[in-house]
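Let me begin by presenting the structure, written as structure tokens, before commenting on it.
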């Protein structure tokens, strides 16, 4: 009997961890407007190169910025229109465009490209617009920016390590110079 109880408990915990996390509700004023769905397709591969190649056939000069593989904090958007099913997800970058990849929706499409219109900090979508029955059908979100993605600023520890290496090289070459 204990095995069944432990198995049931572990299964319940696993299911809870697999479900998306819904924090609070927000208003449309807080997250901006609904982003525009501009293209949809069914990509067999969800790799960075495949997704980047596809978005650049639609909107040129986009660079891969970040991929959220399911660590979502979806917010339901409350508005006065009951015909929408609005949800917002905070983005890691100020993405100009993003792909939402869904599970199998039986619509013929799994990859949806949105243009981020108002607040670049949020992806704001209407589930009814692309046929998702619930927000749990989202697999991942890939973010893209216009132009090159800025290089990250090196951390101070990296700079100290780099400087120490340069000092070491200078010391070795000075020692070899004195021997000759």
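Name the residues of region 49-79 whose amide N is less than 16 Å from a point 7 angstrom out from the Cα of residue 38 along the C-beta direction?
51-65
Once you order the gyration tensor axes a ≥ b ≥ c over the Cα atoms, which shape class does region 60-141 get: rounded for a/c under 1.5, otherwise prolate or oblate by comparing a/b with b/c?
Cα axes put region 60-141 in the oblate bin.
Separation between the residue 140 and residue 78 pseudo-spin-labels, each 7 Å from Cα along Cα→Cβ, expressed in nm?
According to this spin-label approximation, the distance is 3.4 nm.
Which whole-number percentage describes the relative contact order of region 24-84, with Cα contacts under 8 Å and a sequence gap of 6 or more?
Here the relative contact order equals 58 percent.
Taken together, the values in this text are just the output of simple stated rules run on the coordinates, not laboratory data. What you are looking at is a predicted structure, and each value in this text was computed from that prediction instead of being measured. Every residue, glycine as well, gets a Cβ built from its backbone with ideal geometry; the counts of neighbours run over all protein chains shown.
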